[in-house]
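The values are calculated or read from the model by the stated rules, or taken from the named source; none is laboratory data. Since we're looking at a predicted model, the values are computed, not measured. Cβ atoms come from the backbone with ideal geometry, glycine included; neighbour counts cover every protein chain shown.
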Amino acid sequence: MDTIKVLYGTESGNAELVADDIAETFNAAGAKAEVIAMALYDATELYEAGTVVVITSTYGEGELPDTTAPFQEALLAARPDLSGLRFAAFGLGDSTYDTYNNAIAVLSADLRALGAQQVGETGRHDAASGESLTDVAVAWAAGVLGAL
Ligand SMILES: Cc1cc2nc3c(=O)[nH]c(=O)nc-3n(C[C@H](O)[C@H](O)[C@H](O)COP(=O)(O)O)c2cc1C
């Protein structure tokens, strides 16, 4: 399998921690994964990325963080054919908001609309749950890896 790109967008850093946990879980299981900030990744190259994991928190009132939004905007402007892309998705949010984990739902729908195939269920961390980010991310990563 090619290297899995673990792309994260964050407002206050939690999604970067989750990206590191997911990549470490993949690497420990013998896969190859690298963590890349969405802000530093050219979304128009996704068509040749093979397999990616997209991770984003939700901010404002259901909005994409400032480091996720430009990635989505570039994607929607270029509208690449993503029929060769497989992706898994993980969101960070807080269920006390009506817009719980809206950003990962929006981004996943955009990728699917461009032809990408989602693998596994979208993982979610709920800040209101009190659960550890790492525990939730590692359990999700271990479960989705076999399907990637
Ligand atoms: C000002 C503010 C607005 C937020 N808005 C939402 C929201 O609309 N929906 C949601 O699910 N979570 C919301 N959250 C919760 C964050 O997504 C959550 O704390 C997450 O762990 C932050 O991850 P990050 O550090 O990667 O940005 C909000 C948090 C803050 C501080």
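Please determine whether any residue of region 70-91 is within 13 Å of the ligand (Cβ to nearest atom) and either aliphatic (A, V, I, L, M) or farther than 21 Å from L17 by Cβ (or both).
No, the conditions are met nowhere in region 70-91.
Restricting the search to region 26-41, which residues are surrounded by 17 or more Cβ atoms within 10 Å (Cβ to Cβ) and more than 16 Å from Y8 (Cα to Cα)? First the steps, then the outcome.
Going residue by residue through region 26-41, those that are surrounded by 17 or more Cβ atoms within 10 Å (Cβ to Cβ) are 26, 31, 33, 35, 38, 41.
Correct list: A31 only.
So for region 57-65 (the condition being over 15 Å from S12 (Cα atoms), of a type in the set (V, I, T) and outside any strand (DSSP E or B)), does at least one residue qualify? Before the answer, list the steps.
Step one: filter region 57-65 for residues over 15 Å from S12 (Cα atoms), giving 61-62.
If we keep only those that are of a type in the set (V, I, T) as well, we get none.
For region 57-65, residues over 15 Å from S12 (Cα atoms), of a type in the set (V, I, T) and outside any strand (DSSP E or B): absent.
Checking Q118 against (1) within 14 Å of the ligand (Cβ to nearest atom); (2) in contact with a helix residue (DSSP H, G or I) (Cβ under 7 Å, 6 or more places away or on another chain), only one condition comes out false. Which one?
Of the numbered conditions (1) within 14 Å of the ligand (Cβ to nearest atom); (2) in contact with a helix residue (DSSP H, G or I) (Cβ under 7 Å, 6 or more places away or on another chain), the odd one out for Q118 is (1).
Which of the residues spanning region 1-54 are out of contact with any strand residue (DSSP E or B) (no Cβ under 8 Å at 6 or more places or on another chain), assigned to a loop (DSSP other than H, G, I, E, B) and either away from the ligand (no atom under 16 Å from the Cβ) or of a type in the set (A, V, I, L, M) (or both)?
A29, G30, D42
Quick test for you: out of Y97, Y47, pick the one residue that is more than 16 Å from L133 (Cβ to Cβ), buried (at least 16 other Cβ atoms within 10 Å of the Cβ) and at pLDDT below 95. Even if it seems obvious, please write down each step before you answer.
Working: Y97 fails: at pLDDT below 95.
Residue meeting the stated conditions: Y47.
Which residue is nearest to the chain's Cα centre (by Cα), if the candidates are limited to region 121-135 and must be within 12 Å of the ligand (Cβ to nearest atom) and touching a residue at least 24 places away in the same chain (Cβ under 8 Å)?
R124
For region 79-102, does any single residue satisfy the condition of being touching a residue at least 24 places away in the same chain (Cβ under 8 Å), small (G, A, S) and assigned to a helix (DSSP H, G or I)?
Taking region 79-102 first, the residues touching a residue at least 24 places away in the same chain (Cβ under 8 Å) are 79-102.
If we keep only those that are small (G, A, S) as well, we get 83-84, 88-89, 91, 93, 95.
Checking the rest, the ones that are also assigned to a helix (DSSP H, G or I) come to none.
No, that holds for no residue.
Take D110 and tell me if it is assigned to a loop (DSSP other than H, G, I, E, B), surrounded by fewer than 23 Cβ atoms within 10 Å (Cβ to Cβ) and of a type in the set (D, E).
Values: assigned to a loop (DSSP other than H, G, I, E, B): no; surrounded by fewer than 23 Cβ atoms within 10 Å (Cβ to Cβ): yes; of a type in the set (D, E): yes.
No, not satisfied.
Can you work out which of the residues in region 136-148 that are in a helix (DSSP H, G or I) and more than 12 Å from the ligand (Cβ to nearest atom) is modelled with the lowest pLDDT? If you could, list the steps in order and put the result at the bottom.
At the first step, the residues of region 136-148 found to be in a helix (DSSP H, G or I) are 136-145.
Then drop every residue that is not more than 12 Å from the ligand (Cβ to nearest atom), which leaves 138-145.
Values: V138: 98, A139: 98, W140: 98, A141: 98, A142: 96, G143: 96, V144: 96, L145: 92.
Taking the candidates together, the pick is L145.
Answer with yes or no whether S57 is in contact with a Pro (Cβ under 7 Å, 6 or more places away or on another chain) and either under 24 Å from H125 (Cα atoms) or surrounded by fewer than 22 Cβ atoms within 10 Å (Cβ to Cβ) (or both).
Numbers: in contact with a Pro (Cβ under 7 Å, 6 or more places away or on another chain): yes; either under 24 Å from H125 (Cα atoms) or surrounded by fewer than 22 Cβ atoms within 10 Å (Cβ to Cβ) (or both): yes.
Spelling it out, S57 is indeed in contact with a Pro (Cβ under 7 Å, 6 or more places away or on another chain) and either under 24 Å from H125 (Cα atoms) or surrounded by fewer than 22 Cβ atoms within 10 Å (Cβ to Cβ) (or both).
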